[in-house]
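K.L.:
This structure is in structure tokens; I'll ask about it shortly.
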Amino acid sequence: MTSTDDTDGQDLLGHVLLPVAHEDDALATARALAPYDPGRVTALHVVEKGKGVPDKTPVEQSEELAAESYAAVQRVFPDAGEHTAYARDIVGAIFDAADEVNASAVAYRSRGGNRLMQFLSGDLSLKLVTKAPLPVIALPSEETGE
């Protein structure tokens, strides 16, 4: 399959939303996307907010983490946009952000983990691909043998 067009004729890689967790993840994810030559990239960092409980990290620390993540993506895609979301529901925030920036697709790189970690985290990858209102592209992992 060599076409990047979806059924509506919109370029699948025309505007890719790239969710990133931290600087190393951002760089690895951007590098995994680079060979596919997307037209436009917007990096997304979701700051997890607690509902009635303290946040996992202070807002200032989370915003610094987001800035470092964006800088890493911009080393690969210098014109990449930046979008920060604050939410408890990570997957919902990804889809909301995709809508807000008018992305043609979401591209992500699975962060792996054993089955117990996937169960405890609610397996974000599974939710991302099964609840998607737009195309979701799973990028290859940098590690070999996965």
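Values in this text are rule-based calculations from the coordinates and carry no lab data. Given the structure is predicted, the values throughout are model-derived calculations rather than measurements. Note that we place each Cβ from the backbone using ideal geometry, even for glycine, and neighbour counts take in every protein chain shown.
K.L.:
So if each residue of separation counts as 0.36 nm, and I subtract the Cα-Cα distance between Lys49 and Asp24, what length gain in nm does that give? Working shown, then result.
P.N.:
Details: separation 25, 0.36 × 25 = 9.00 nm, distance 2.18 nm.
Roughly 6.8 nm would be gained on extension.
K.L.:
A further question on this structure: How far apart, in nm, are two points set 7 Å out from the Cα along the Cα-to-Cβ line at Arg31 and at Asp79?
P.N.:
Once both label points are built, they end up 2.4 nm from each other.
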